[in-house]
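Following: one structure in structure tokens, then a few remarks.
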Amino acid sequence: MPASSPSDRVLLRRKAWREVLARPSQRLPEGNWSQCYIMGGRGSGKTRAGAEGLADLIVESEPNEGDWAVIGPTFADARDTCVEGPSGLLRTLAGFVVKWNRSQGQLMLADGSTVFCDGADDGAKRTQGKNLRGAWCDEIGLWRTPKQETSLIGGGDRVLAWDETLLPAVRLAPAKVICTGTPKGRRGPLVRRLIDDPMVPVHTMRTLDNAANLSAEAVDALVAAYAGTHLGRQELEGEYVENVEGALWTQGGIDAHRLRSPSVMSRIVVGVDPAGSVNTETGIVAAGAVMRDCLCGSDEFLPHAQVLADDSLKASPDGWGRRVVETFDSVQGDRVAGERNYGGDMVESTIRTIRPGIPFVFTQATRGKLVRAEPIAALYEQGRVHHVGVFDQLEAEMTTFTADSPWSPNRLDALVWALTELNIAAAVESMVPQPMTLPR
């Protein structure tokens with residue numbers, strides 16, 4: 001199909017976005033810039049800002065050689081959220097799209113150009129070698145370079161998808177990169193780099209700024225979950241929050257020992273921390289013990305542990321009980337561990353209503369949450385606990401919970417139960433493992 005210019009309808013929609021619909025913080029910066037960063041809390045409208053911004057660049061650019069890219073933490077994120085989502089490019093470029101190839105992640109446009117979807121988790125390999133005029137990079141705080149590939153880019157704060165793929169590819173006018181996302185800087189070095197760069201305009205958006213476009217129930221739930229917390233500054237206010245004083249973990253410490261695939265396990269435990277009500281989460285975390293040949297490459301003769309799944313959720317007892325059994329089966333677990341002091345008998349009876357023969361062990365807490373987590377945190381510091389993949393919400397709890405936190409870290413508690421039962425340390429002083437109970 002021959003290239004064509006945008007229709008009057010497409011141009012009118014772009015004008016309406018810039019002049020009527022967009023809040024000032026959602027509009028692309030004025031002036032001369034190569035990269036910009038639009039960061040915001042949950043539901044603040046940052047995804048739409050990215051999609052509308054890229055649509056503006058595409059429609060306003062003169063047709064010529066060169067294409068565009070949209071890159072998310074994974075290919076599926078870019079496809080499902082940035083293109084097909086309710087605020088995605090299929091909506092913002094309506095009337096200008098010729099064809100959408102979902103499996104290849106290619107959006108063909110009326111001017112003859114193509115928008116390529118890609119994921120940062122594999123280095124954005126689909127984008128390598130392309131001649132790009134611009135790009136939209138979503139949730140850059142979740143971009144990361146696989147540990148085994150850090151040597152390719154010299155390690156440090158460099159990110160394979162950004163430094164080795166995207167920046168060299170964006171070389172044709174207007175040569176602009178729009179970055180969006182919640183500023184999860186504890187994991188993502190790109191967030192800190194962009195904020196510190198005086199040449200990068202930064203816009204900040206709050207969740208409540210976009211309340212008119214959200215349901216009242218959704219706003220109430222977000223405020224109830226995060227208001228007044230360290231994590232709330234990030235998730236509601238869109239602020240960049242670095243290491244939290246008093247937290248036992250740092251994101252850098254977790255990242256340093258992350259793995260992409262698990263080792264051979266000698267034993268796998270699913271930890272459960274029951275919710276106090278249907279409005280709070282039940283923590284469900286699986287971890288396994290590695291007695292030798294850990295894929296981290298350590299040559300020490302000490303057992304390691306690997307965190308395999310975080311399947312925590314808000315649900316009724318029947319709902320989370322079924323999720324525990326599903327997790328137990330998916331990781332091929334050996335037993336389930338739950339706290340006796342708070343709902344232990346209930347946890348056991350709930351799970352065994354669904355799976356009568358499932359092995360269950362009580363783990364009794366004798367001290368407060370933070371104190372009983374300290375020996376587990378020490379194992380992380382020794383490099384003996386590895387996360388297989390990324391567990392965003394679990395890691396957010398780990399890196400923000402302090403003695404002063406007004407909320408209960410259900411995911412973190414479930415992690416502590418699982419790792420305590422695995423008992424890869426010689427002793428875990430703050431916990432007292434109990435004998436496993438057999439089905440009655």
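For the reader, a short list of remarks on this structure follows.
- ARG260 being free of Cβ contacts under 8 Å to residues at least 40 places away in the same chain, touching a Pro at 6+ places or on another chain (Cβ under 9 Å) and farther than 30 Å from GLU348 by Cβ: no
- Failed item in (1) part of a loop (DSSP other than H, G, I, E, B); (2) touching a strand residue (DSSP E or B) at 6+ places or on another chain (Cβ under 6 Å), with LEU419 passing the rest: (1)
- So LEU208, is it on the phi < 0 side of the Ramachandran plot and buried (at least 17 other Cβ atoms within 10 Å of the Cβ): no
- Looking only at the stretch 255-274, residues that are under 27 Å from ARG335 (Cα atoms), assigned to a loop (DSSP other than H, G, I, E, B) and aliphatic (A, V, I, L, M) come to 2 in all.
- LEU89 vs. criteria touching a Phe, Trp or Tyr at 6+ places or on another chain (Cβ under 6 Å) and either surrounded by 17 or more Cβ atoms within 10 Å (Cβ to Cβ) or not assigned by TED's automatic domain parsing to the domain that holds LYS46 (or both): no
- Considering the stretch 360-383, the residues that are among the hydroxyl-bearing types (Ser, Thr, Tyr) and at pLDDT 75 or above include one that is farthest from ILE284 (Cα to Cα), namely TYR380.
- Out of PRO73, PRO29, one residue alone is crowded, with 20+ Cβ neighbours inside 10 Å, at pLDDT 90 or above and assigned by TED's automatic domain parsing to the domain that holds THR180. It is PRO73.
Every residue, every condition in (1) assigned to a helix (DSSP H, G or I); (2) modelled with pLDDT of 90 or more; (3) outside the structural domain of SER266 (by TED's automatic domain parsing), yes or no:
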site: ALA289; (1), (2), (3): no, yes, no
site: GLU300; (1), (2), (3): no, no, no
site: GLN306; (1), (2), (3): no, yes, no
site: ALA309; (1), (2), (3): no, yes, no
site: ARG323; (1), (2), (3): yes, yes, no
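- Number of positions in the stretch 346-365 that are assigned to a helix (DSSP H, G or I) and of a type in the set (A, V, I, L, M, F, W, C): 4
- In the stretch 60-71, the condition of being among the β-branched types (Val, Ile, Thr) and within 21 Å of ALA218 (Cβ to Cβ) is met by no residue.
- Residues located in the stretch 182-201, provided they are in contact with a strand residue (DSSP E or B) (Cβ under 6 Å, 6 or more places away or on another chain) and surrounded by 18 or more Cβ atoms within 10 Å (Cβ to Cβ): PRO183, LEU194
- Conditions (1) closer than 19 Å to TRP417 by Cβ; (2) surrounded by 20 or more Cβ atoms within 10 Å (Cβ to Cβ): number failed by CYS294: (1)
- Residue ID - modelled with the lowest pLDDT, chosen from residues in the stretch 213-254 that are among the aliphatic types (A, V, I, L, M) and in a loop (DSSP other than H, G, I, E, B): VAL241
- Yes/no for SER277 being out of contact with any Asp or Glu (no Cβ under 9 Å at 6 or more places or on another chain), at negative phi, polar (S, T, N, Q) and in a loop (DSSP other than H, G, I, E, B): yes
- Applying the condition of being of a type in the set (D, E, K, R) and part of a loop (DSSP other than H, G, I, E, B) to the stretch 107-147 and asking which residue is nearest to TRP68 (Cα to Cα) yields LYS130.
- Enumeration of residues in the stretch 79-118 that are over 24 Å from ARG9 (Cβ atoms), in contact (Cβ under 8 Å) with a residue 24 or more places away in the chain and in contact with a helix residue (DSSP H, G or I) (Cβ under 9 Å, 6 or more places away or on another chain): THR81, GLY105, PHE116, CYS117, ASP118
The values are calculated or read from the model by the stated rules, or taken from the named source; none is laboratory data. These numbers come from a predicted model, not from an experiment. Counting neighbours? That spans all protein chains shown, and the Cβs are built from the backbone with ideal geometry, glycine included.
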